[in-house]
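Report on the following structure.
The values are calculated or read from the model by the stated rules, or taken from the named source; none is laboratory data. Predicted model only: the values in this text are computed from it and were never measured. Note that each Cβ is placed from the backbone with ideal geometry, even for glycine, and that neighbours are counted across all protein chains shown. For the accessible areas, the whole protein counts, side chains as well, though only heavy atoms, and no ligand, DNA or RNA atoms are used. Shrake-Rupley method; radii C 1.70, N 1.55, O 1.52, S 1.80 Å.
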Amino acid sequence: MGDDLGAKKVLIGEIEEIALEYQVGEPIFTKEIKQQVNEHFEVASNNSFTRIVNEYLRRLEKRGVISKYDDGIYFRSKETKFGRSAIDKEKLIKKAYIVNEQEDEVIGYVAGAAFLNANGFSNNMTNRQEIVTNNYNVKKPIHKFSNPPIIKKPKVPISKYNYRYFQLLDTLRDIEQYHVLDASFYVSLYDYMERERIDGFKLLGYAKKYYNQKVMHILDELAEAVLDRELIG
């Protein structure tokens with residue numbers, strides 16, 4: 001393919017078509033483009049193929065179809081009265097640390113105050129997100145942020161099957177600093193577990209294996225609250 005002009009035109013057309021499917025501001029990882037092209041053309045992924053993809057992405061950048069954020073990361077942009085639009089940082093965080101969309105897999109989660117706020121447990125706001133992720137050693141996507149999220153290593157590899165459990169347990173481990181522990185919190189916690197179909201026995205098993213007695217005490221308090229008639233009535 002590398003020496004065939006017609007094939008190259010087809011390839012750059014495919015890359016541009018893929019790039020145009022992204023929304024304005026949405027991050028485009030070079031590795032995603034290569035994977036999609038591989039799936040479409042069944043091209044051998046080698047150094048020559050990588051150079052071709054990188055070259056065509058640079059061409060699209062020069063034409064203004066995409067903008068470069070960092071090595072290996074582009075994004076759809078457009079002209080505004082303030083200049084070229086910027087990358088969507090929330091989508092960049094999600095794609096880099098929380099969801100692997102290509103594999104349809106969860107690789108991380110937001111914990112702490114941001115989790116509590118997003119799920120109605122409190123109105124506590126934080127100026128720095130806490131993210132636990134399998135990609136804890138990947139720093140490039142956020143190294144340009146003025147106030148980057150705190151990236152942490154998970155206790156076990158995160159997947160779509162366990163992330164809600166560890167997300168909740170990580171937050172409960174540090175719950176005292178958020179000043180939300182009262183009777184209404186346990187009601188909200190019970191409702192959340194019901195809504196998200198969190199298995200209490202599985203949650204307890206993870207807590208016993210990976211967390212301290214403080215978390216176990218909170219779960220004991222939850223169990224007592226569940227038995228209270230005001231909660232189950």
Task: Complete set of residues in segment 129-150 that are in a strand (DSSP E or B) and open to solvent by less than 30 Å² (accessible area, probe 1.4 Å) - done: 130, 131, 132, 133
TODO: Name the residue, out of 185, 166, that is over 19 Å from residue 105 (Cβ atoms) and not in a strand (DSSP E or B).
DONE: 185
Task: So residue 25, is it open to solvent by less than 50 Å² (accessible area, probe 1.4 Å) and on the phi > 0 side of the Ramachandran plot - done: yes
Task: Within segment 58-74, tally of residues that are without any contact (Cβ under 8 Å) to a residue 24 or more places away in the chain, in a loop (DSSP other than H, G, I, E, B) and open to solvent by 70 Å² or more (accessible area, probe 1.4 Å) - done: 1
Task: Candidate set: segment 183-233, residues that are over 20 Å from residue 156 (Cβ atoms) and aromatic (Phe, Trp, Tyr); chosen: the one modelled with the highest pLDDT - done: 192
- [ ] Assess whether residue 175 counts as being β-branched (Val, Ile, Thr), farther than 27 Å from residue 91 by Cβ, more than 23 Å from the chain's Cα centre (by Cα) and crowded, with 18+ Cβ neighbours inside 10 Å.
- [x] no
Task: Failed item, numbered, when residue 124 is tested on (1) in contact with a helix residue (DSSP H, G or I) (Cβ under 7 Å, 6 or more places away or on another chain); (2) free of Cβ contacts under 8 Å to residues at least 12 places away in the same chain; (3) not acidic (Asp, Glu) - done: (2)
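With the requirement that a residue be in contact (Cβ under 8 Å) with a residue 24 or more places away in the chain and not aromatic (Phe, Trp, Tyr), what does segment 81-100 give you?
85, 86, 87, 88, 89, 91, 92, 93, 95, 96, 98
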TODO: Within segment 188-198, work out how many residues are free of Cβ contacts under 8 Å to residues at least 12 places away in the same chain and outside any helix (DSSP H, G or I).
DONE: 1
- [ ] Could you figure out which of (1) open to solvent by less than 20 Å² (accessible area, probe 1.4 Å); (2) among the hydroxyl-bearing types (Ser, Thr, Tyr); (3) out of contact with any Phe, Trp or Tyr (no Cβ under 9 Å at 6 or more places or on another chain) isn't true of residue 126?
- [x] (1)
- [ ] Identify, by number, the condition in (1) within 29 Å of residue 22 (Cα to Cα); (2) free of Cβ contacts under 8 Å to residues at least 60 places away in the same chain; (3) out of contact with any helix residue (DSSP H, G or I) (no Cβ under 6 Å at 6 or more places or on another chain) that residue 135 doesn't meet.
- [x] (3)
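Please verify whether segment 203-225 includes one or more residues that are charged (D, E, K, R) and not in a helix (DSSP H, G or I).
Looking for residues that are charged (D, E, K, R) and not in a helix (DSSP H, G or I), one finds none in segment 203-225, hence no.
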